[in-house]
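J.: I'd like to ask you about the structure that follows.
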Amino acid sequence: MRQWLLDRAAWIDAQFMRPPQITPSGGPVPSGTTVTLTSGSGEVYYTLDGTDPRVWSPAGGRASGDVSPSAIRYSPGLPIVLQQSLVLKARTLDRRNTYNPWSGLAKASYRVDAWQSSLRITELMYHPVDPDPCDAIAQEAYEYVR
Amino acid sequence: MKNIGTGPIHVGGLRFTEGIRFAFPDLELAAGVYLILAKDPTP
């Protein structure tokens, strides 16, 4: 019975596609970071506006299960470059899987802070303590250090 | 310090925590603007 359950669970898992892998997985990132999406099969569709790349309604209907109009098909030749904070959502679509062509939803939330990429400390000035006027050697040494 | 980007940066909330201690007030640095931070010699 136990083995049957394990086999059954493995079979159920095999009926569903794995969601795409998103790298990096989210969090604070410098501006200009490139996001990579990988999946074992099919095509990856993603959105950058926080919506689901799949159109879905529980009741079904003609449009249910289609690619959302705001979804973009991922291709490694067209990298995703982060310029601002956003939420990326992605799903794998494999039409050969007629039972359920969509994978689960993968989500990554990025925070791009402008100061991390644009704010530079361009100069540092340091004014040391004035040397002791009675100590000639120390004065020279301080001069050297400066 | 300089904003080398193309857009303004809000520095409010940013802090220096090592070397010197300073918390920036709610301030916006426009693109290309320098900010000079100096210690008050007569504290």
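J.: Condition first: aliphatic (A, V, I, L, M) and modelled with pLDDT under 85. Can you find one or more residues in region A:93-102 that meet it?
T.: No.
J.: Can you pull out every residue in region A:56-78 that is open to solvent by less than 70 Å² (accessible area, probe 1.4 Å) and modelled with pLDDT of 90 or more?
T.: Once the filter is applied, which keeps residues that are open to solvent by less than 70 Å² (accessible area, probe 1.4 Å) and modelled with pLDDT of 90 or more, region A:56-78 yields A:VAL67, A:SER68, A:SER70, A:ALA71, A:ILE72, A:TYR74, A:SER75.
J.: Additional query: Among the candidates A:SER103, A:SER109, which residue alone is of a type in the set (S, T, N, Q) and surrounded by 17 or more Cβ atoms within 10 Å (Cβ to Cβ)?
T.: Residue meeting the stated conditions: A:SER103.
J.: Restricting attention to region B:19-43, and to residues there that are out of contact with any strand residue (DSSP E or B) (no Cβ under 9 Å at 6 or more places or on another chain) and at pLDDT 90 or above, which single residue is nearest to the other protein chains (Cβ to nearest Cβ)?
T.: B:ILE36
J.: Hey, another quick one. Condition first: open to solvent by 70 Å² or more (accessible area, probe 1.4 Å), within 17 Å of A:GLU123 (Cα to Cα) and facing chain A (nearest Cβ under 10 Å). Now tell me which residues in region B:1-18 satisfy that.
T.: Residue satisfying the conditions is B:ILE4 alone.
J.: Out of all the residues in region A:103-125, which are at pLDDT 80 or above and either of a type in the set (A, V, I, L, M) or part of a loop (DSSP other than H, G, I, E, B) (or both)?
T.: Residues satisfying the conditions are A:SER103, A:GLY104, A:LEU105, A:ALA106, A:ALA108, A:VAL112, A:LEU119, A:ILE121, A:THR122, A:GLU123, A:LEU124, A:MET125.
J.: Under the condition of being open to solvent by less than 70 Å² (accessible area, probe 1.4 Å) and among the charged types (D, E, K, R), which residue from region A:79-95 is nearest to the chain's Cα centre (by Cα)?
T.: A:LYS89
J.: Just to be sure I understand the filter: pairs with C-beta atoms under 6 Å, separated by 6 or more residues or on different chains, first member in region A:99-122 and away from every other protein chain (no Cβ under 11 Å), second member surrounded by fewer than 13 Cβ atoms within 10 Å (Cβ to Cβ). Which pairs pass?
T.: Note: pairs meeting the criteria are A:PRO101/A:ARG95; A:ALA108/A:SER25; A:ARG111/A:PRO28; A:VAL112/A:GLN84.
J.: Which residue is nearest to A:SER118 (Cα to Cα), if the candidates are limited to region A:1-23 and must be under 16 Å from the mean Cα position of the chain (by Cα) and open to solvent by 40 Å² or more (accessible area, probe 1.4 Å)?
T.: Only one residue fits best here, namely A:THR23.
The values are calculated or read from the model by the stated rules, or taken from the named source; none is laboratory data. In this text the structure is predicted, and so the values were computed from the model without any measurement. Every residue, glycine among them, receives a Cβ derived from its backbone with ideal geometry; neighbour counts consider all protein chains shown. We work out accessible area using only protein heavy atoms, side chains counted, and drop any ligands, DNA or RNA first. Shrake-Rupley method; radii C 1.70, N 1.55, O 1.52, S 1.80 Å.
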